[in-house]
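*Asks:* Can you read through this structure? Questions will come right after.
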Amino acid sequence: MNNIEKEKEIWSKQKTMGKKKFVLIYGVLIFGGISSLVYFILTKLFISNLSNIIVNIITYTIIMILIGVFLSNKIWNANVKKFENK
């Protein structure tokens, strides 16, 4: 099985979940959640002044979730174009 066939198989599984669920899982939870967790850990390790840390983490989390939604929408649309217009 070549790489394109593997990608197509993965896409067919992802497509069954629907666009909203795809965006929620891959954009919000995976991208937004993991990047926010990494930011929190790095902030906790390297910054001793934690006075505004809660505001910073909330702001960063919102920004990363929005970026994740945007990117996962782009990925969904690219996969539709790549695999379904042939």
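Read the figures in this text as sums done on the coordinates, not as results from a lab. As the structure is a prediction and not an experimental result, all values here were calculated from the model. Cβ sites come from the backbone with ideal geometry, for glycine too, and all protein chains shown count toward neighbours.
*Asks:* Please specify each residue of the stretch 28-86 satisfying the condition of being under 30 Å from residue 8 (Cα atoms) and not in a helix (DSSP H, G or I).
*Replies:* Across the stretch 28-86, the qualifying residues are 85, 86.
*Asks:* Run residue 74 past the list (1) surrounded by fewer than 13 Cβ atoms within 10 Å (Cβ to Cβ); (2) in contact with a helix residue (DSSP H, G or I) (Cβ under 6 Å, 6 or more places away or on another chain) and report the number of the one that doesn't hold.
*Replies:* Result: residue 74 passes all but (2).
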